[in-house]
1. Evaluate the following for A:ASP277: is it within 30 Å of A:MET34 (Cβ to Cβ), assigned to a loop (DSSP other than H, G, I, E, B) and touching a Ser or Thr at 6+ places or on another chain (Cβ under 6 Å)?
2. In the set A:ALA234, A:ALA243, A:ALA230, A:ALA161, which member is touching a Leu at 6+ places or on another chain (Cβ under 8 Å), among the hydrophobic types (A, V, I, L, M, F, W, C) and surrounded by fewer than 18 Cβ atoms within 10 Å (Cβ to Cβ)?
3. Cβ-Cβ below 9 Å, separation at least six or inter-chain, first residue in the range B:31-44 and loosely packed, with under 14 Cβ neighbours inside 10 Å, second not in a helix (DSSP H, G or I): which pairs?
4. Conditions: (1) in contact with a Ser or Thr (Cβ under 9 Å, 6 or more places away or on another chain); (2) modelled with pLDDT under 95; (3) more than 30 Å from A:LEU204 (Cα to Cα). A:PRO62 meets all but one. Number of the miss?
5. Quick one: which strands (runs of 3 or more DSSP E) sit completely within the range B:100-180 and have at least 2 residues that are of a type in the set (Asp, Glu)?
6. Name every residue in the range B:163-216 that is closer than 25 Å to B:ASP132 by Cβ, at pLDDT 95 or above and of a type in the set (A, V, I, L, M), in order of residue number.
7. Of everything in the range A:242-253, what is modelled with pLDDT under 95 and touching a helix residue (DSSP H, G or I) at 6+ places or on another chain (Cβ under 7 Å)? Give them in sequence order.
Amino acid sequence: MRYLSVILSAGLLLASGGSHALEVFACEPEWGAMLQEIGADKVSVYVATSAQQDVHQVEARPSLIAKMRRTEFVVCTGAELEVGWLPQLTQQAGNQLLQNHDRLFYAAEQVALLDKPGQLDRSQGDVHAAGNPHVQLDPQRMLIIAQHLAERLALVDAPNAAFYQQRYQQFAPRWQEAMTHWQQQAADLRGKNIIVRHDNLRYLAEWLGINVVAKLEPKPGLPPTSAHLAEVLAIAQAQHVYAVVQAAYEDPHSGEWLSGKADIPLKILPYTVGGTDKANTLFGLMDDSIALLKQVKK
Amino acid sequence: MRFSILAALLGALLPAVWASDSPDLEARVQQLEQQLSAVQNNQLAASPAATQASASSFNPAASLILSGTYAEHSGADDYSLAGFHVGSEGQPKSDGFALGESELTLSANVDDKFYGQFTISFSEENGETKSDIEESYIETSALADGLNLRFGHFLSGVGYLNSHHAHTDIFIDRPLVYGSFFNHHYGDDGVQLRYVLPLDKYLEVGAEFFRGDNYPAAGAANNGRGVDTQFIRFGDDIGIGGSYLLGLSRLHARADNAEETDSNNPALFTGDITITIVDATFKWSPQGNKKLGQFVVRSELFAEQRDGVLDDTQSGGFLADWSGKRNGYYVEGEYITSGGYEFGGRWDELHGDSKAPALFASDYVPQRISVMAGWRNSEFSRIQLQWSRTGMNESENYNSWLLQYQMSLGAHGAHKF
């Protein structure tokens, strides 16, 4: 009886033409979520990092090499965000499909980036030459990226091209409607001052019209020092700062210290999909980020 | 310009919309809104300049590692290990201030099929600048899926530390097994084939053929194919924060007058050497977030089998059979805090062969304990202080204090696990 069901299912599989989902390697959870929106069941996504991890520094570990080995499509941020580990993975995995660069999709290459540095010098910290890569918190840019992702998927997985385009056509108006809703929701956040730890909330602040008046890191990528924190405290006390805002993966200690000393609330935002319970899709990410920012009553 | 015209148009149109609710006007408003968002998108879309490569982007990625040490040794005058040869590269750092190796690495894609990497290290010895081509190789994965072919001069893929550049080591010096069995590292001219199996878990197999000029081989025996190796690696994650890598390797070398002592008339070994290495590395970070801290523990076990002849006649000694086994291992670990402070410890042990020729016969077990503390200001700079005590033989210990800086300039190096 068991053999019969095995033969039957094998037969069914052969008969169906073996509907094979495109194997995708997503560097970060935000792209995994976008792939779900645009690709649905036509893609099988492996997400390499979680919302609890700082993606600037990830070990090029064996499990990631194995996944890179068998993938058919890679979606990452680019702009050197993953420069410390992604090249090592593609090199070691020896995946021939990926030699076709259409199969490597870098989100940051699809949009104009903020804060392109005039000078590249490590004395200024860990600067990204192409600009600030943390684009997933700007809904306008995310819409453009989604469109380009649908186009690229259609190119690489031609039999399902119409499906990907259709999914984008269904996603876009929902997203645009959500954008209007988020702007309305966050209207009274406009003009407020916040202190962050790193440049990673830049695009969210820009889109919501919030001012980042100081950063806990003395230079990008370097841990906060006592001297610098004293300066930030002085800034916090010299003007009205609405909140200290950090990402879920960031060490909260310095933020907690400043929050206590300056008597301003500390808010931990998801930063990417999976960073909080409610941020389980791209929509949830923005919903929860704005809800958490608004929760601060001071 | 278009933006302001459109805005003006909308502004002019809106009163008209309020005045009349004709569906025709509604459609026009919708059309204008779409055009407005299209203009906004154009502003946000990547400009061609953004993705254009700069003039120097086809030039190799270049990185330079600068390092230097300050050392204080005490105990015995000379460094030696009972039952083992300590190669020139395995000797302790010079007393006092010393410039370490300055290492330059250049790498780039040659074309769509080939990649090249070159590493040269410069050091000063007795007032003379010595340069050593550590690696100069071409690699391609154009043959078949998962298959990597490497050829040129490169570090062998056996063991763990061997294929890593020394500046990525946890400690300032290499473990005793490397200093004695490999003269710090084994690299040679040859070819390597590696295959990553298309499995759910990481499994890689590899094999190499080398010329056989460098220790433990010598003389480019067997018509310049004096060394062959085979290795297999497996690794996976444990939970959210842990990952491990296991390796099993075998190096088979033909030695044709390999120098086994440091004298002007060294003792020479001719014969076969087979070294089997088992290596294991485990890394863990809270939630897998390296920025919050990282714990690393590693061990390698070397088992050597020799079958040949030791010729010590040049210095007035004897010709003797040397067939037997020796082995050794190390265990090392470190913890790096979120603030970049690091602390580590290491234990080294070597087991000699009491039946080896007189020069190497020993049943003493050389051992060493090392502890280290350091600070990494960023991924690119590192300062560390290390203390070690070596039991060299039955009557002598060797103690060292080492202070080292290590700085990396240039391209962001790609680091293996």
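The values are calculated or read from the model by the stated rules, or taken from the named source; none is laboratory data. Note that the coordinates shown come from a computational prediction; the quantities given were computed from them, not determined experimentally. Positions of Cβ are backbone-derived with ideal geometry, glycine not excepted, and every protein chain shown enters the neighbour counts.
1. no
2. Numbers: A:ALA234 fails: touching a Leu at 6+ places or on another chain (Cβ under 8 Å); A:ALA243 fails: surrounded by fewer than 18 Cβ atoms within 10 Å (Cβ to Cβ); A:ALA230 fails: touching a Leu at 6+ places or on another chain (Cβ under 8 Å).
When all the criteria are applied, what remains is A:ALA161.
3. Between residues of the range B:31-44 that are loosely packed, with under 14 Cβ neighbours inside 10 Å and residues that are not in a helix (DSSP H, G or I), the close pairs are B:GLN43/A:ALA112.
4. The failed condition is (2).
5. Values: elements: B:102-109, B:114-125, B:128-140, B:147-155.
The strands (runs of 3 or more DSSP E) meeting that bar are B:114-125, B:128-140.
6. Of everything in the range B:163-216, those that are closer than 25 Å to B:ASP132 by Cβ, at pLDDT 95 or above and of a type in the set (A, V, I, L, M) turn out to be B:ILE170, B:ILE172, B:LEU176, B:VAL177, B:VAL191.
7. A:ASP251 - this is the single residue of the range A:242-253 that is modelled with pLDDT under 95 and touching a helix residue (DSSP H, G or I) at 6+ places or on another chain (Cβ under 7 Å).
Results for (1) touching a Phe, Trp or Tyr at 6+ places or on another chain (Cβ under 6 Å); (2) away from every other protein chain (no Cβ under 14 Å), shown as yes or no for each residue.
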position: B:SER141; (1), (2): no, no
position: B:PHE182; (1), (2): no, yes
position: B:VAL205; (1), (2): yes, no
position: B:ASN214; (1), (2): no, yes
